[in-house]
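The values are calculated or read from the model by the stated rules, or taken from the named source; none is laboratory data. Predicted, not measured: the structure shown is a model, and the values here were computed from it. All Cβ positions, glycine included, derive from the backbone under ideal geometry; neighbour counts span all protein chains shown.
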C-alpha cells in the first residue's frame with residue numbers, strides 16, 4: 001500500500017474474528033498487572049510493532065535512535081518488528097492475552113477506545129497525562145490532540161502522521177478564467193459553474209472509492225451545524241434524516257446533477273483523479289495533506305507545484321462551523337503499554353515528542369502532529385504552508401463516517417454514487433444510513 005493510501009485510510013484496520021468470552025478472560029487475566037514496568041528494571045528495549053505496509057514511523061524512530069535520541073537509545077535500544085496490516089487486531093489480541101505487548105504498537109481503533117479491550121483493561125498509557133508529567137505536552141499540536149481524542153475517546157495514540165484536508169486548486173486555471181478561491185459554498189458552486197462553461201472540469205474526485213465524496217457531505221454538515229454535528233448523531237441526539245443533515249447530501253447531489261465533477265465521476269479511480277488534477281485538466285480537488293507526495297513529484301505534477309494552492313473547505317452561509325476547523329485524521333492508533341512504562345521509556349517519549357516533527361519532515365517530507373522544534377531545510381512551499389496551517393489550528397473535525405459502524409460506513413461509501421447520479425434521493429440516502437445506525441445500536 002502506498003503512503004498516500006495509508007494516510008488517506010488512516011490505516012483502517014479490519015477487526016479479526018475472536019471469541020468474545022475468551023478474549024474478555026485473557027485480557028482480564030493480565031489487566032491486574034497493567035501498571036508499572038515489566039520487571040524491576042523495566043523492558044530491555046524500546047520495542048515497536050507497526051504494519052509492514054507502512055514504514056514511516058519505524059524509519060523515523062530508527063533515525064531518531066541514531067541522532068537526536070541516541071542517549072535514550074543507549075539506555076534502551078530501539079527495536080522494530082512488523083505485522084501484516086490485516087492481522088494487526090488479531091496479533092494485538094494475542095499479545096495482550098499473553099501479557100506480552102510491545103512497548104509501542106499499532107492497534108485497532110475499537111481496541112484503544114475507553115470501551116475497547118485495551119482501554120477497558122487499563123493496558124495502555126494515557127499520552128496526554130504522561131506527556132504533561134514529562135513536560136512535553138506542548139510538543140503536540142492542539143489540532144492533532146483534538147483529532148486523536150475525537151476518534152479514540154482519549155489520547156490513546158501519538159499523532160505520528162497527521163493529515164489535514166481541504167481543497168487543492170489550480171492557480172493558473174483560476175486566473176485564466178477569472179475565478180478567485182471560494183470562501184463560501186455559494187462561491188464554490190458559482191466558481192465551478194463558471195469553469196464548466198469554460199470547458200474545464202471544475203472538481204475531480206475518486207468517485208469509485210466513495211470516501212472522497214462522502215467527505216464533502218460530512219464537511220458541509222460540519223460547516224453548517226458545527227464541529228459536534230456527528231457526535232450528536234452518534235449519541236442519538238440528532239438523526240441523519242433531520243433537514244439540516246439531508247441538506248448536506250442534497251448540496252453534493254446537486255454538484256453531481258450539474259455535471260460539476262465531470263464525466264465518469266462514479267468510476268474515476270484515485271490515480272485517474274490525481275492525474276486529471278496534476279495534468280491541468282481539473283481545477284479543484286478535495287484531498288488531504290498526503291497528496292503532497294504526489295504534488296512534490298515532478299514526474300506526476302505537470303502543472304508545477306507553484307501553480308497549486310490550498311484552501312479550507314468553504315463556509316456555509318449562516319453555519320455554526322468555522323473554516324479554521326480543519327478536517328483531519330491522525331493515522332492508525334499507536335499505543336504504549338502501561339506495564340512497560342518507566343523512566344527509560346519516559347526519556348524516549350520525551351525525545352520523540354521534542355524531535356519527531358522536525359525529523360520526519362526533514363527526512364521523509366511528512367507532516368506530523370508534533371511541533372517543529374528544530375529548523376527544517378528545503379521544504380516545498382506548499383508543504384510548509386500546510387504544516388503552518390496545522391500548527392495554527394486549535395480544533396479539528398472528523399470525516400463523515402468516523403463514528404459510524406462498519407456496515408454504515410460501507411453503505412455510505414458504496415451508495416454515494418447513486419446519490420450523485422440521481423438514482424437515490426438525498427432523503428433516501430440519509431434514511432438508509434440512519435436505519436443502519438439504528439440497527440447497530
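For residue 397, are the conditions met, namely being touching a residue at least 60 places away in the same chain (Cβ under 8 Å), buried (at least 23 other Cβ atoms within 10 Å of the Cβ), closer than 20 Å to residue 246 by Cα and touching a strand residue (DSSP E or B) at 6+ places or on another chain (Cβ under 8 Å)?
Criteria met by residue 397.
Listed here are the residues, each with its yes/no results for (1) farther than 23 Å from residue 145 by Cβ; (2) surrounded by fewer than 21 Cβ atoms within 10 Å (Cβ to Cβ); (3) over 23 Å from the mean Cα position of the chain (by Cα).
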position: 295; (1), (2), (3): yes, no, no
position: 306; (1), (2), (3): yes, yes, yes
position: 322; (1), (2), (3): no, yes, no
position: 334; (1), (2), (3): no, no, no
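Would the stretch 210-217 turn up any residue that is on the phi > 0 side of the Ramachandran plot, buried (at least 20 other Cβ atoms within 10 Å of the Cβ) and touching a helix residue (DSSP H, G or I) at 6+ places or on another chain (Cβ under 6 Å)?
Yes; the residues of the stretch 210-217 include at least one that is on the phi > 0 side of the Ramachandran plot, buried (at least 20 other Cβ atoms within 10 Å of the Cβ) and touching a helix residue (DSSP H, G or I) at 6+ places or on another chain (Cβ under 6 Å).
Filter the stretch 112-124 down to the residues that are in contact with a helix residue (DSSP H, G or I) (Cβ under 6 Å, 6 or more places away or on another chain), farther than 17 Å from residue 340 by Cβ and either in contact (Cβ under 8 Å) with a residue 40 or more places away in the chain or crowded, with 24+ Cβ neighbours inside 10 Å (or both) and list them by number.
The answer is 113, 117.
Just wondering, is there one or more residues in the stretch 135-152 that are surrounded by 24 or more Cβ atoms within 10 Å (Cβ to Cβ), assigned by TED's automatic domain parsing to the domain that holds residue 345 and closer than 12 Å to residue 335 by Cβ?
Yes: one or more hits.
What is the number of the single condition among (1) over 27 Å from residue 231 (Cα atoms); (2) modelled with pLDDT under 95 that residue 181 does not meet?
(2)
Since residue 287 meets every condition but one in (1) under 30 Å from residue 89 (Cβ atoms); (2) touching a helix residue (DSSP H, G or I) at 6+ places or on another chain (Cβ under 6 Å); (3) surrounded by 19 or more Cβ atoms within 10 Å (Cβ to Cβ), which condition does it not meet?
Against the list (1) under 30 Å from residue 89 (Cβ atoms); (2) touching a helix residue (DSSP H, G or I) at 6+ places or on another chain (Cβ under 6 Å); (3) surrounded by 19 or more Cβ atoms within 10 Å (Cβ to Cβ), residue 287 comes up short only on (2).
Being crowded, with 20+ Cβ neighbours inside 10 Å and more than 21 Å from residue 370 (Cα to Cα) narrows it down to one residue among 89, 106; which is it?
After applying the criteria, what remains is 89.
Just name the residue that is farthest from the chain's Cα centre (by Cα) out of those in the stretch 426-441 that are free of Cβ contacts under 8 Å to residues at least 24 places away in the same chain and closer than 21 Å to residue 207 by Cβ.
Residue satisfying both the conditions and the ranking: 428.
Residue by residue through the stretch 370-386, note down the ones that are within 18 Å of residue 352 (Cα to Cα) and out of contact with any strand residue (DSSP E or B) (no Cβ under 9 Å at 6 or more places or on another chain).
The answer is 372, 373, 374, 375, 376.
From (1) modelled with pLDDT of 95 or more; (2) within 24 Å of the chain's Cα centre (by Cα); (3) closer than 24 Å to residue 305 by Cα, pick out the condition that doesn't hold for residue 199.
Every listed condition holds for residue 199 apart from (2).
Among the residues of the stretch 154-163, is any outside any helix (DSSP H, G or I), modelled with pLDDT of 95 or more, more than 27 Å from residue 293 (Cβ to Cβ) and over 16 Å from the mean Cα position of the chain (by Cα)?
No, the stretch 154-163 contains no residue that is outside any helix (DSSP H, G or I), modelled with pLDDT of 95 or more, more than 27 Å from residue 293 (Cβ to Cβ) and over 16 Å from the mean Cα position of the chain (by Cα).
Which residues, counting only those in the stretch 382-441, are more than 17 Å from residue 215 (Cβ to Cβ) and part of a loop (DSSP other than H, G, I, E, B)?
393, 394, 395, 405, 421, 422, 423, 424, 425, 441
Any residue in the stretch 309-324 that's without any contact (Cβ under 8 Å) to a residue 12 or more places away in the chain: show its pairings with residues that are surrounded by 15 or more Cβ atoms within 10 Å (Cβ to Cβ) and part of a loop (DSSP other than H, G, I, E, B) at Cβ separation under 6 Å, as long as the two are six or more apart or on different chains.
none
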